[in-house]
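To start, the structure itself, in structure tokens.
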């Protein structure tokens, strides 16, 4: 098959995006040499269950594995696990690995994901981050000792971890410098509902106050000091402070790096070099803006697009972002984008009843829809975003909503 990538394609990053790129190349008929590089020794696995099913023990670790060994073998790939990439030479078309080995390539897909942010002294015993399966297993082992838990950061990850710890019967405090949880993606109104959800389940929620630092004794964390001078005793602290793109290994490579690997609408960072997943910053022509998404569905869709464009498709990647979070008995699903200046309107159901859908509008256009325990309804109104429906449309969506079944 003729391809922009020549006869040697290398994929750096062996999580969902990297694996999907490899599968897409083979499915599309690519029969050249294919190398998949991963910094973890484990075969590719899924990350969303880590903060939920793995922490609570509902799943055994092996259930997160994305493909069985025989399925990986059928891909006929040179699988380099536990060998992180340490450098890239765009001109020589070479990737460097830990230990000094180099791999030549004609085509490259970068899917190295992100790295969790930490606080100073974040390496104390009892301080955890959650990105890898090993992180999740270590945190679960700590939670099984019945500690007082402080979760720092109330975005999706922090609220999911707090919910998991709470369902395990632990004493949980959730700290967030913003006035409400998940404010950045969803705004104050939905954030207030998430705050109420956690308080109703017994979580001590401290919003609107930043963390000043961690307290320690004998090399172990003993608590969290807040900016207002108060302290929170803790036996375990989980840092859910967001992430930074894993691009340090690309410094000096010649690629443009700015909040990720900067790509065009084709997910192309340079001729024959593409990026996908959490690490990719690309121009989404559907919304006319640059994006970098840390969502599971985007990892799959963007990897397919990057692989296809490496094979010569030349198709802009213009998705409607889709993401979700599960907390306690609540599922929040969202399609589109949610700018901080967007207007919110409830279009079906009632927040007081725990089931509703909402639309977000900006510049007189629907740019996002959200469902709170309303999976059928939110799928039905997704087209408001796809079609860039006028904001006035969100006042009458009865024709779009499913007919109730008695």
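The values are calculated or read from the model by the stated rules, or taken from the named source; none is laboratory data. It should be emphasised that the depicted structure is a prediction, and the values quoted were computed from it without experimental measurement. Please note: Cβ atoms are built from the backbone with ideal geometry, for glycine as well, and neighbour counts cover all protein chains shown.
Below, the figures for the structure above:
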read-out	value
Whichever residue in the stretch 117-139 is touching a helix residue (DSSP H, G or I) at 6+ places or on another chain (Cβ under 7 Å) and within 29 Å of residue 190 (Cβ to Cβ) and, among such residues, is surrounded by the fewest Cβ atoms within 10 Å (Cβ to Cβ)	129
Failed item, numbered, when residue 70 is tested on (1) touching a helix residue (DSSP H, G or I) at 6+ places or on another chain (Cβ under 9 Å); (2) part of a helix (DSSP H, G or I)	(1)
Answer from 187, 191, 229 - the residue that is surrounded by 17 or more Cβ atoms within 10 Å (Cβ to Cβ), at positive phi and either part of a strand (DSSP E or B) or not assigned by TED's automatic domain parsing to the domain that holds residue 102 (or both)	187
Test: residue in the stretch 8-24 that is assigned to a loop (DSSP other than H, G, I, E, B), in contact with a strand residue (DSSP E or B) (Cβ under 7 Å, 6 or more places away or on another chain) and closer than 22 Å to residue 157 by Cβ	yes
Set 40, 76: member being in a loop (DSSP other than H, G, I, E, B), touching a helix residue (DSSP H, G or I) at 6+ places or on another chain (Cβ under 9 Å), assigned by TED's automatic domain parsing to the domain that holds residue 23 and closer than 25 Å to residue 292 by Cα	40
Odd one out for residue 119, checked against (1) at pLDDT 95 or above; (2) under 30 Å from residue 170 (Cβ atoms)	(1)
Enumeration of residues in the stretch 271-285 that are surrounded by 15 or more Cβ atoms within 10 Å (Cβ to Cβ) and out of contact with any strand residue (DSSP E or B) (no Cβ under 8 Å at 6 or more places or on another chain)	277
So residue 202, is it loosely packed, with under 15 Cβ neighbours inside 10 Å, free of Cβ contacts under 8 Å to residues at least 60 places away in the same chain and closer than 18 Å to residue 57 by Cα	no
The stretch 277-303, subset within 12 Å of the chain's Cα centre (by Cα), in contact (Cβ under 8 Å) with a residue 40 or more places away in the chain and in a loop (DSSP other than H, G, I, E, B), residue nearest to residue 64 (Cα to Cα)	294
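This table checks each residue for (1) touching a helix residue (DSSP H, G or I) at 6+ places or on another chain (Cβ under 6 Å); (2) free of Cβ contacts under 8 Å to residues at least 40 places away in the same chain.
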position	(1), (2)
239	no, no
242	no, no
245	yes, no
250	no, no
264	no, yes
274	yes, no
